[in-house]
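A.B. asks: Sharing a structure below in structure tokens format, with a few things to ask.
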């Protein structure tokens, strides 16, 4: 911890440096990302014009890449809430340097996830029918459907995460305001909502912040549980399982932590903030990845054990087909990326070698996408009746929209890091010893 | 037009000096101190010895309201248009618990936000003296006062270690 003890003004200066004028490489990167977003937009426009036929979806596989993407992106968001809320309640001091980026990632990941149900329903212009409101048809939504639980869970998750994120930003925006001049000062002054860093504000702010963390903790556990019930409440073989909720939550944290590291490793290098984002932070995150990888691996094994132990022929068949059938590649890709690739993280030398960590986290991101694809598609392709079986191959339109979704996510993240501090100034100052006149007091505080 | 509160503002560079100053003024019966710090620090909080924030009541109220709304709204809509599915009860409390849970969290959070805005007086124009360095590395004490009191308090602030004192 000692190495994170910097003078207050150094912290302000170094972190606000990330907001300086963007470099040419940043502009080029943004241009490529916006190109990807436009590509995704073009693909979606084609789908809206031509109909769902341009997607690979057809009977019996009605849920494919779009729902895979939806579950993937909701999962990515989970690490942000885990870091910002759960680790706040546990007073894990290593969260302070990383939680802002992770929280931003949550918001942008959920924004991305929210697009997919709209894309998936085809007639996007009537997606608002999912929301219960008094209407001319005098018909209400079905609150017993897990799909509607999902509408409430994901929209609550987005709203609460956004409030939590914005509240956390206020003192830091005030710090930007106080250092800015001209129009910039006016804009940040407006965004800082009258923050003056006084005890009259800190008292209520900190009380509220604690409650947000306490509310966000059960929320994050509930959201991916509800997403898992979209599958588990049905009677489709391979989906109808009671372990889905904890299995999905662990998988979400696993993929989210991997994504946080994938983003932060180049980020610390580009903005030269290695002294704030140390190897110790990555060591801690890698441990969490290792833990969740073990839980996910255990869940895979449990699924197979239960399929065998249940003596349910349909269940056994699906699990056999997942490993050795038409969708064996995503299955073994999932096993390699999620269960085997993270194993080197048992060694500290690997956990603190960022090149290795970066490669491993890329594997995990791919593996977790495969996991969702594997669960969704393989079960639908070969349900109970062999006459109703059918195969699904993602179309180029679906691939384009998926690529566009990644670019959409990174576009928001890249914009964020240029307009707001991606490390929390106040929380970094909380870690440091406050300026003291008396040496003894300084030593005590340290 | 917001009215400025007259008073004196002392700027401190060190937290221990600030805490001594807070204790000094509180001992002399001043409970109207406004203390500025770049981060929420427990030592300052202890020195000020303030009451627990009422934001918790907002959270509780929001949570209760959300939970009630979750059950009442789902039950009302199910009874308003009866749509039996799979032999399940029309009013299904277990299924509705998911909605009630989510709305508890949502309303709890929204009310907490309002609690912070109202109690911390956000979205209002600052009425006291302020220094831009309070969000960087300086601490401050603002004491509302007028006339001769200002001169006395300025002296007191300086004797307590304030490096700069301004009137307003």
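A.B. asks: Evaluate the following for residue A:162: is it touching a residue at least 12 places away in the same chain (Cβ under 8 Å), more than 8 Å from chain B (Cβ to nearest Cβ), in a helix (DSSP H, G or I) and touching a helix residue (DSSP H, G or I) at 6+ places or on another chain (Cβ under 9 Å)? I'd like the intermediate steps shown before the answer.
C.D. replies: Values: touching a residue at least 12 places away in the same chain (Cβ under 8 Å): yes; more than 8 Å from chain B (Cβ to nearest Cβ): yes; in a helix (DSSP H, G or I): yes; touching a helix residue (DSSP H, G or I) at 6+ places or on another chain (Cβ under 9 Å): yes.
Criteria met by residue A:162.
A.B. asks: Kindly evaluate residue B:45 against the criterion of being within 30 Å of residue B:168 (Cβ to Cβ), under 21 Å from the mean Cα position of the chain (by Cα) and more than 9 Å from chain A (Cβ to nearest Cβ). If you could, list the steps in order and put the result at the bottom.
C.D. replies: On the way: within 30 Å of residue B:168 (Cβ to Cβ): yes; under 21 Å from the mean Cα position of the chain (by Cα): yes; more than 9 Å from chain A (Cβ to nearest Cβ): no.
Considered against the rule, which asks whether it is within 30 Å of residue B:168 (Cβ to Cβ), under 21 Å from the mean Cα position of the chain (by Cα) and more than 9 Å from chain A (Cβ to nearest Cβ), residue B:45 comes out as no.
A.B. asks: Follow-up. Identify all residues within the stretch A:149-159 that are surrounded by 21 or more Cβ atoms within 10 Å (Cβ to Cβ) and at the interface with chain B (Cβ under 9 Å from one of its Cβ atoms); write none if there are none.
C.D. replies: Of everything in the stretch A:149-159, those that are surrounded by 21 or more Cβ atoms within 10 Å (Cβ to Cβ) and at the interface with chain B (Cβ under 9 Å from one of its Cβ atoms) turn out to be A:149, A:152, A:153, A:156, A:157.
A.B. asks: A follow-up question, please. Quick check: is even one residue across the stretch B:48-63 part of a helix (DSSP H, G or I), modelled with pLDDT under 95 and at the interface with another protein chain (Cβ under 10 Å from one of its Cβ atoms)?
C.D. replies: If we filter the stretch B:48-63 for residues that are part of a helix (DSSP H, G or I), which is where we start, we get B:48, B:55-63.
Still in the running and modelled with pLDDT under 95: B:48.
If we keep only those that are at the interface with another protein chain (Cβ under 10 Å from one of its Cβ atoms) too, we end up with B:48.
Checked the stretch B:48-63: at least one residue is part of a helix (DSSP H, G or I), modelled with pLDDT under 95 and at the interface with another protein chain (Cβ under 10 Å from one of its Cβ atoms).
A.B. asks: Within the stretch A:91-99, is even one residue part of a helix (DSSP H, G or I) and crowded, with 24+ Cβ neighbours inside 10 Å?
C.D. replies: Within the stretch A:91-99, the first condition is being part of a helix (DSSP H, G or I), and the residues that meet it are A:93-95, A:99.
Now drop any that are not crowded, with 24+ Cβ neighbours inside 10 Å, which leaves A:99.
Yes, the stretch A:91-99 contains at least one residue that is part of a helix (DSSP H, G or I) and crowded, with 24+ Cβ neighbours inside 10 Å.
A.B. asks: Hey, can you tell me all the residues within the stretch A:246-267 that are surrounded by fewer than 22 Cβ atoms within 10 Å (Cβ to Cβ) and within 22 Å of residue A:429 (Cα to Cα)?
C.D. replies: The answer is A:267, and nothing else.
A.B. asks: Further, regarding this structure: Which of (1) within 16 Å of residue A:202 (Cα to Cα); (2) modelled with pLDDT under 95 does residue B:117 not meet, given it meets every other one?
C.D. replies: All conditions are met except number (2).
A.B. asks: How many of the residues in the stretch A:294-327 are under 12 Å from residue A:374 (Cβ atoms) and part of a helix (DSSP H, G or I)? Step through it out loud before you land on a result.
C.D. replies: Taking the stretch A:294-327 first, the residues under 12 Å from residue A:374 (Cβ atoms) are A:300, A:303, A:318-319, A:321-323, A:325-327.
Now narrow it down to the ones that are part of a helix (DSSP H, G or I): A:300, A:303, A:318-319, A:321-323.
Residues flagged as under 12 Å from residue A:374 (Cβ atoms) and part of a helix (DSSP H, G or I) within the stretch A:294-327 amount to 7.
A.B. asks: Tally time: how many residues in the stretch B:109-124 are facing another protein chain (nearest Cβ under 7 Å) and in contact (Cβ under 8 Å) with a residue 40 or more places away in the chain?
C.D. replies: Qualifying residue count, the stretch B:109-124: 6.
A.B. asks: Moving on. Based on this model, can you work out whether residue B:31 counts as at the interface with chain A (Cβ under 9 Å from one of its Cβ atoms), out of contact with any strand residue (DSSP E or B) (no Cβ under 7 Å at 6 or more places or on another chain), surrounded by fewer than 20 Cβ atoms within 10 Å (Cβ to Cβ) and in a loop (DSSP other than H, G, I, E, B)?
C.D. replies: Working: at the interface with chain A (Cβ under 9 Å from one of its Cβ atoms): no; out of contact with any strand residue (DSSP E or B) (no Cβ under 7 Å at 6 or more places or on another chain): yes; surrounded by fewer than 20 Cβ atoms within 10 Å (Cβ to Cβ): yes; in a loop (DSSP other than H, G, I, E, B): yes.
Spelling it out, it is not the case that residue B:31 is at the interface with chain A (Cβ under 9 Å from one of its Cβ atoms), out of contact with any strand residue (DSSP E or B) (no Cβ under 7 Å at 6 or more places or on another chain), surrounded by fewer than 20 Cβ atoms within 10 Å (Cβ to Cβ) and in a loop (DSSP other than H, G, I, E, B).
A.B. asks: Something else now. Is it fair to say residue B:106 is surrounded by 16 or more Cβ atoms within 10 Å (Cβ to Cβ), more than 9 Å from chain A (Cβ to nearest Cβ) and part of a helix (DSSP H, G or I)?
C.D. replies: Values: surrounded by 16 or more Cβ atoms within 10 Å (Cβ to Cβ): yes; more than 9 Å from chain A (Cβ to nearest Cβ): no; part of a helix (DSSP H, G or I): yes.
In short, no.
A.B. asks: Which one of these is free of Cβ contacts under 8 Å to residues at least 60 places away in the same chain and touching a helix residue (DSSP H, G or I) at 6+ places or on another chain (Cβ under 6 Å): A:129, A:125, A:140?
C.D. replies: Numbers: A:129 fails: touching a helix residue (DSSP H, G or I) at 6+ places or on another chain (Cβ under 6 Å); A:125 fails: touching a helix residue (DSSP H, G or I) at 6+ places or on another chain (Cβ under 6 Å).
Every option except A:140 fails the conditions.
A.B. asks: Return a yes/no flag: does the stretch B:87-96 have any residue that is farther than 23 Å from residue A:197 by Cβ, part of a helix (DSSP H, G or I) and within 7 Å of another protein chain (Cβ to nearest Cβ).
C.D. replies: Looking only at the stretch B:87-96, we keep the residues that are farther than 23 Å from residue A:197 by Cβ, and these are B:87-96.
Retained after the next criterion (residues that are part of a helix (DSSP H, G or I)): B:93-96.
Narrowing the set further to residues that are within 7 Å of another protein chain (Cβ to nearest Cβ) leaves B:95-96.
Yes, that holds for at least one residue.
A.B. asks: For residue B:53, indicate whether it is touching a strand residue (DSSP E or B) at 6+ places or on another chain (Cβ under 8 Å), farther than 17 Å from residue A:140 by Cβ and buried (at least 17 other Cβ atoms within 10 Å of the Cβ). Don't jump to the end; show me each part of the working.
C.D. replies: Numbers: touching a strand residue (DSSP E or B) at 6+ places or on another chain (Cβ under 8 Å): no; farther than 17 Å from residue A:140 by Cβ: yes; buried (at least 17 other Cβ atoms within 10 Å of the Cβ): yes.
Criteria not met by residue B:53.
A.B. asks: For the structure I just gave you, tell me whether residue B:137 is under 26 Å from residue B:44 (Cβ atoms) and facing chain A (nearest Cβ under 7 Å).
C.D. replies: Judged against the criteria, residue B:137 is a match.
A.B. asks: Shifting gears a bit: Looking at the stretch A:267-283, which of its residues are assigned to a helix (DSSP H, G or I) and more than 18 Å from the chain's Cα centre (by Cα)? Outline the logic, then answer.
C.D. replies: We begin by selecting, within the stretch A:267-283, every residue assigned to a helix (DSSP H, G or I); these are A:267-270, A:279-283.
Across the stretch A:267-283, the qualifying residues are A:268, A:269, A:270, A:279, A:280, A:281, A:283.
A.B. asks: Could you list, in sequence order, the residues of the stretch A:195-237 that are within 11 Å of chain B (Cβ to nearest Cβ), crowded, with 20+ Cβ neighbours inside 10 Å and outside any helix (DSSP H, G or I)?
C.D. replies: A:195, A:196, A:197, A:198
A.B. asks: Please state which of the following conditions residue B:36 fails to meet, knowing it meets all the rest: (1) surrounded by fewer than 17 Cβ atoms within 10 Å (Cβ to Cβ); (2) within 15 Å of the chain's Cα centre (by Cα).
C.D. replies: Condition not satisfied by residue B:36: (1).
A.B. asks: Where in the stretch A:363-446 are the helices (runs of 4 or more DSSP H), entirely inside, with at least 1 residues that are touching a helix residue (DSSP H, G or I) at 6+ places or on another chain (Cβ under 6 Å) and away from chain B (no Cβ under 14 Å)? Reasoning before the result, please.
C.D. replies: Working: elements: A:396-419, A:425-431, A:439-445.
Once the helices (runs of 4 or more DSSP H) in the stretch A:363-446 are filtered for at least 1 residues that are touching a helix residue (DSSP H, G or I) at 6+ places or on another chain (Cβ under 6 Å) and away from chain B (no Cβ under 14 Å), what remains is A:396-419.
The values are calculated or read from the model by the stated rules, or taken from the named source; none is laboratory data. Keep in mind that what you see is a predicted model, and the values were worked out from it rather than measured. Every residue, glycine as well, gets a Cβ built from its backbone with ideal geometry; the counts of neighbours run over all protein chains shown.
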